[in-house]
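The values are calculated or read from the model by the stated rules, or taken from the named source; none is laboratory data. Remember, predicted model here, so these are calculated numbers, not experimental data. Note that each Cβ is placed from the backbone with ideal geometry, even for glycine, and that neighbours are counted across all protein chains shown. Just the protein is used for accessible areas: all its heavy atoms, side chains included, with ligands, DNA and RNA removed. Shrake-Rupley method; radii C 1.70, N 1.55, O 1.52, S 1.80 Å.
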Amino acid sequence: MAASGSSVVRRVEELGDLAQAHIQQLSEAAGEDDHFLIRASAALEKLKLLCGEDKECSNASNLLELYTQAILDMTYFEENKLVDEDFPEDSSQKVKELISFLSEPEILVKENNMHPKHCDLLGDELLECLSWRRGALLYMYCHSLTKRREWLTRKSSLLKKYLVDGISYLLQMLNFRCPIQLNEGVSFQDLDTAKLLSEGIFSDIHLLAMMYSGEMCYWGLKHCADQQPENHEVDTGVSGASYTTHKEPLDFREVGEKILKKYVSVCEGPLKEQEWNTTNAKQILNFFQHHTN
């Protein structure tokens, strides 16, 4: 394990140097100081100092966390720019680049033979955040693409790939943590909160991930239904983490119905007083119900 940790430290240092150079380019292009780039750069400077110490004694988890926080801030700056510009026509390469940056921490974990759900290098919250940010980025990109009719007629197969990838990241985010099992040994003062935790919903972001997933399934069925089935495999569980999850080809309608029914149930149940909007979810469910393969 010590050798594994040392290799993580070396790799994180290399990636940190690359990210710092990228931030420098972004700052120069922006022509002004940006809060997120400044914070990302500061995290990478701290990372560099720590890596300069004895690598055998360095804490791989702390270093990877610093690198991950820097990547989250750096990519957030770039994502905002894409959204503000409504994803220009040549955005595909930039989106792929951001997905690659946001995937590096998880790849590092896997390369060192530690499954994300079983390791302590990155906590659940950071792993969830990385999956959420990749899924939300692809959601926003696909939302922009679905408004471009000419592009859709030529590249609906590419849209399908983006949708499947985005849904996969969002479902992965929803499955990192196990739902809280309610029993006599667990005490809750707020029964609504207990119900949410038992459904594997730990934050507003979990609800947004459910709605985004359902909407992407709707776009897939609406714009890509005439394509030949492809072997896009996705973990289709939506009720919380499981160590026995199985993967299967993505069925837009099945996955969309399952997750949006749960979304509506939660919003009109435990979260009824918070007035989450379910109109769009119900319209999509109606579309699913009347759509025939």
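Within region 18-48, report the GluC sites (Glu not before Pro) that DSSP leaves as loop and that have at most 13 other Cβ atoms within 10 Å. Numbers along the way, then the final one.
Values: sites: Glu28, Glu32, Glu45; in loops: Glu32.
Answer by residue number: Glu32.
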Self-check item: Cα-Cα separations in region 1-117 greater than 21 Å, expressed as whole percent
Solution: 40 percent
Practice problem: Would you mind getting me the FRET efficiency between Lys147 and Lys282? Use the beta-carbon distance for r and R0 = 22 Å, nearest 0.05. | Solution: 0.45
Quiz item: Suppose every K and R has +1 on its Cβ and every D and E has -1 on its Cβ; what is the size of the dipole of region 1-117 about the Cα centre, in Debye to the nearest 20?
Solution: 660 debye
Quiz prompt | Long pairs among Lys147/Lys261; Lys81/Lys222; Lys81/Lys282; Lys94/Lys160; Lys160/Lys262, criterion Cα-Cα beyond 21 Å | solution = Lys147/Lys261; Lys81/Lys222; Lys81/Lys282; Lys160/Lys262
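Of the peptides 156-166, 210-220, 79-89, how do they stack up when ordered by the mean number of other Cβ atoms within 10 Å, highest first? If you can, show how the numbers build up before the last one.
Values: 156-166: 19.5, 210-220: 25.1, 79-89: 13.2.
My ranking of the peptides, most packed first, is 210-220, 156-166, 79-89.
Using a probe of 1.4 angstrom, how much of the accessible area of region 1-117 is carbon and sulfur, in percent? Spell out each step's value before the answer.
Working: 3140 of 6270 Å².
The value for region 1-117 is 50 percent carbon and sulfur by accessible area.
Over region 1-117, average the accessible area per residue using a 1.4 Å probe and give it in Å², no decimals. Mind showing how you got there, number by number?
Details: 6270 Å² over 117 residues.
I get 54 Å² per residue for this part.
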Self-check item: Highest to lowest packing among 61-74, 249-262, 269-282, scored as the average C-beta count within 10 Å
Solution: 61-74, 249-262, 269-282
Quiz item: For region 138-143, in order, what is each residue's ³J(HN,Hα) by Karplus, 6.51 cos²θ - 1.76 cosθ + 1.60 with θ = phi - 60°, in whole Hz (x at glycine and Pro)?
Solution: 5, 4, 5, 5, 5, 4
Exercise. Enter the Cα centre distance for the pair region 137-172 and region 85-101, rounded to the nearest angstrom.
Key: 12 Å
